Amino acid sequence: MEKEHLSRLIRLKEGIHRIGIPVPFPVKYVYCYLMENESGYTLVDTGLNYKKAKAAWEEVFEELAIKPDDIHTIIITHFHPDHSGLAGWMQEKTNANVWMSDTDRKMFQLAFMKNDIQAIDVNKLLSNHGVNEELRKAILNNLENITERVQPYATVNSITKKNWNLDGRAWRILETPGHSQGHLCFYQEDENILLAGDMILDKITPNISLWPGGSDRPLEDYLNSLKDLKQLSISRAWPGHGGIIDEVNKRIDELIEHHENRLNKIADLATQKSGSEIAGELFAEKELNAHQWRFAISETLAHLEYLVDQEKINRIASNPILYTK
Ligand SMILES: [Zn+2]
């Protein structure tokens, strides 16, 4: 079952395929979903502009005997490059309309089209939290490299409707901020299936980051989104990475517990230290590259700011900013 769940191309049911597209990151694949309705196909998420990803799509079109212009719609669950990066290439190929939440459409522009402005804010955030110049430069370099992987740019429309016909049936659009501020999930109520994006993943925990241009309270947003999903009694989730999730509420509880444990650990480490120092201690055992340090630091900051909001710790307005009990 596990193996089948991780296959590169599987038919989930009549008119729905799950497609693993390679990404040059440790998660190895982003899972995209091809849904067929009366007028053709809708593609949910696309992958990153990466040679192996484009080759994988060509193979999938051939294997399923789909002509690219049968795809009339491309929906992006959230703006992160592994989901949005090939949208422009795919749009050129298919002439499909591309859709994203308005919040993430704007965040995409800030992160990848106005990246000079974004770089100033990122440098400032990292510097304020005690990240040394060498690592700041490496992180900014890495961000600049990612920008190349989301081109050509797609023309993106903002999603405003509440339901979407993906496979001949209505899927309810759920706003699930946290992993990104404009993250969307799609929920099929008759079968209790969730097209989850990166909201819930099996085995790995979605990254929750404090980042310029995003929410001031990403962890609070994410925990609230998890609680909202729990109310729906979802029986199966189709995520953007890793295997299909059958025990959804159990996984939601595990994710909540993971963040509670991490909050406790981070609160213990907050003894007149900067965010950078605390991240360094938290991830001391791991060998991280600049890309992973960016996640480690921004995720630590999301937890620290949550603890400040909860009045568990204090933020001292010094240079760098310090956190303490
Ligand atoms: Zn992802």
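The values are calculated or read from the model by the stated rules, or taken from the named source; none is laboratory data. The model shown is predicted, which means the values in this text are computed figures rather than measured ones. A quick note on method: Cβ atoms are made from the backbone with ideal geometry, for glycine too, and the neighbour counts reach across all protein chains shown.
Out of Glu287, Glu220, one residue alone is modelled with pLDDT under 95, among the acidic types (Asp, Glu) and under 30 Å from Gln118 (Cα atoms). It is Glu287.
Condition test on Leu232, is it of a type outside the set (Phe, Trp, Tyr) and either in a loop (DSSP other than H, G, I, E, B) or within 16 Å of the ligand (Cβ to nearest atom) (or both)? Lay out the reasoning, then the answer.
Working: of a type outside the set (Phe, Trp, Tyr): yes; either in a loop (DSSP other than H, G, I, E, B) or within 16 Å of the ligand (Cβ to nearest atom) (or both): yes.
Answer is yes for this residue.
Quickly run through segment 194-229 and pick out the residues that are away from the ligand (no atom under 16 Å from the Cβ) and assigned to a loop (DSSP other than H, G, I, E, B). Within segment 194-229, Leu210, Pro212, Gly213, Ser215, Asp216, Arg217 qualify.
Before we move on, is Ile21 crowded, with 23+ Cβ neighbours inside 10 Å, out of contact with any Pro (no Cβ under 8 Å at 6 or more places or on another chain), aliphatic (A, V, I, L, M) and not in a helix (DSSP H, G or I)? Spelling it out, Ile21 is indeed crowded, with 23+ Cβ neighbours inside 10 Å, out of contact with any Pro (no Cβ under 8 Å at 6 or more places or on another chain), aliphatic (A, V, I, L, M) and not in a helix (DSSP H, G or I). When Ala53 is tested against the conditions (1) free of Cβ contacts under 8 Å to residues at least 60 places away in the same chain; (2) within 16 Å of the ligand (Cβ to nearest atom); (3) not in a helix (DSSP H, G or I), the lone failure is (3).
Working only within segment 313-324, note down all residues that are surrounded by 15 or more Cβ atoms within 10 Å (Cβ to Cβ) and either touching a residue at least 12 places away in the same chain (Cβ under 8 Å) or of a type in the set (Asp, Glu) (or both).
Scanning segment 313-324 gives Ile313, Pro320, Ile321, Leu322, Tyr323.
Residues to consider are Ala87, Ala55, Ala65; find the one that is out of contact with any Asp or Glu (no Cβ under 8 Å at 6 or more places or on another chain), small (Gly, Ala, Ser) and buried (at least 24 other Cβ atoms within 10 Å of the Cβ). Don't jump to the end; show me each part of the working.
Numbers: Ala55 fails: buried (at least 24 other Cβ atoms within 10 Å of the Cβ); Ala65 fails: buried (at least 24 other Cβ atoms within 10 Å of the Cβ).
After applying the criteria, what remains is Ala87.
Assess whether Ala65 counts as being in a helix (DSSP H, G or I) and out of contact with any strand residue (DSSP E or B) (no Cβ under 8 Å at 6 or more places or on another chain). In short, no.
Determine, yes or no, whether Ile244 is within 16 Å of the ligand (Cβ to nearest atom) and either modelled with pLDDT of 95 or more or within 30 Å of Ile16 (Cβ to Cβ) (or both).
Working: within 16 Å of the ligand (Cβ to nearest atom): yes; either modelled with pLDDT of 95 or more or within 30 Å of Ile16 (Cβ to Cβ) (or both): yes.
It is true that Ile244 is within 16 Å of the ligand (Cβ to nearest atom) and either modelled with pLDDT of 95 or more or within 30 Å of Ile16 (Cβ to Cβ) (or both).
The requirement of being of a type in the set (D, E, K, R) and under 20 Å from the mean Cα position of the chain (by Cα) is not satisfied by Lys273.
In segment 14-25, the residues that are more than 15 Å from Trp238 (Cβ to Cβ) form Cβ pairs under 6 Å with partners that are basic (Lys, Arg), at six or more places apart or across chains, as follows: Pro22/Lys52. Look at (1) touching a Leu at 6+ places or on another chain (Cβ under 9 Å); (2) part of a loop (DSSP other than H, G, I, E, B) and you find that Glu191 fails only one, number (1).
Could you check, for segment 190-199, whether at least one of its residues is within 21 Å of Asp45 (Cα to Cα), surrounded by fewer than 22 Cβ atoms within 10 Å (Cβ to Cβ), modelled with pLDDT of 95 or more and of a type in the set (D, E, K, R)? Scanning segment 190-199 turns up no residue that is within 21 Å of Asp45 (Cα to Cα), surrounded by fewer than 22 Cβ atoms within 10 Å (Cβ to Cβ), modelled with pLDDT of 95 or more and of a type in the set (D, E, K, R). Only a single item in (1) under 26 Å from Ala279 (Cα atoms); (2) touching a Lys or Arg at 6+ places or on another chain (Cβ under 9 Å) is not met by Trp99, and it is number (1). Of the residues Thr77, Thr94, the single one that is more than 24 Å from Arg236 (Cβ to Cβ) and in contact with a helix residue (DSSP H, G or I) (Cβ under 8 Å, 6 or more places away or on another chain) is Thr94.
With respect to the conditions (1) surrounded by fewer than 21 Cβ atoms within 10 Å (Cβ to Cβ); (2) of a type in the set (Phe, Trp, Tyr); (3) within 13 Å of the ligand (Cβ to nearest atom), Tyr31 falls short on a single one, namely (1). The helices (runs of 4 or more DSSP H) falling completely within segment 95-185 include none with 3 or more residues that are within 16 Å of the ligand (Cβ to nearest atom), surrounded by 13 or more Cβ atoms within 10 Å (Cβ to Cβ) and basic (Lys, Arg).
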